[in-house]
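Okay, so here's the structure we're looking at.
Please treat every number below as a calculation from the coordinates, not as lab data. Keep in mind it's a predicted model, so treat the numbers as computed, not measured. Every residue, glycine among them, receives a Cβ derived from its backbone with ideal geometry; neighbour counts consider all protein chains shown.
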Amino acid sequence: MKKQRGLKRYYKRLATENDLDRVKWLNLNDPNAWFDNWHLHFDWKGYGDTSFKRREPHLDKLFRHFYLLEQRINAFKKDFQLYAIILDYSSYDDALFLHTKNPNNNNFPWKSECEVSDKNNLTNADLKDYIDNLTGYKLHFGTAEENYCILTKDGIGLPVT
């Protein structure tokens with residue numbers, strides 16, 4: 001197996017980069033703006049699939065961006081949903097979502113297709129501990145191809161169920 005080079009620099013950038021600054025079209029002051037489950041992934045190479053030590057910095061970046069988007073969304077004048085979906089073992093698929101009424105689909109407000117509950121069903125012990133130690137988030141757990149968690153915050157947009 002080929003050794004991956006530059007990981008030290010990669011993980012250092014994870015802690016400081018603001019991906020929202022690179023998204024020039026994310027103009028929350030535009031009255032015509034809409035988002036069809038627009039989302040950001042933070043572990044494009046799936047590094048966190050091999051160990052939680054590698055996954056945790058990606059999760060930290062996801063929640064930092066949740067906070068950054070939460071701060072920016074105050075200027076938005078439309079109904080919206082802001083949420084994150086974290087999968088039990090697939091770090092690549094963890095993402096932060098912004099959703100509004102849109103011309104593409106009649107799927108606003110978004111609801112999970114699977115039944116969700118407040119009972120933590122994650123089997124990844126490290127992820128379960130990480131999620132349990134978060135504060136200020138409302139948690140919903142479900143199962144599709146694997147167990148997952150939907151995270152929202154009260155008072156930030158419309159609820160996701």
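Structure values in brief
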item: The range 35-152, dipole about Cα centre (Lys/Arg Cβ +1, Asp/Glu Cβ -1), debye to the nearest 20; result: 540
item: Contour minus Cα-Cα distance for Leu68 and Lys119 (0.36 nm per residue); result: 15.6 nm
item: FRET efficiency estimate (nearest 0.05) - Cβ-Cβ, Lys138 to Lys53, R0 35 angstrom; result: 0.80
item: Under 17 Å from the Cα of Lys45 - lysines, other chains or at least 8 residues apart; result: Lys2, Lys3, Lys8, Lys12, Lys53, Lys61
item: Added length on full extension, which subtracts the Cα-Cα distance from 0.36 nm per residue, Asn27 to Tyr11; result: 2.9 nm
item: Stretch gain in nm, segment Asp93-Lys153, where the contour uses 0.36 nm per residue and the Cα spacing is subtracted; result: 19.6 nm
item: The chain - mean residue ellipticity at 222 nm from DSSP helices (-39,500 (n - 2.57) per run, n ≥ 4, rounded to 500); result: -7000 deg cm²/dmol
item: [x] 29; [y] 61; [z] 38, with the label sought being that of the calculated percent of Cα pairs over 26 Å apart; result: [x]
item: Modelled label reach - His41, point 7 Å along Cα→Cβ, the range 86-109 residues with backbone N closer than 16 Å; result: 86-98
item: Ranked Asp36, Asp94, criterion: other C-beta atoms within 10 Å, fewest first; result: Asp36, Asp94
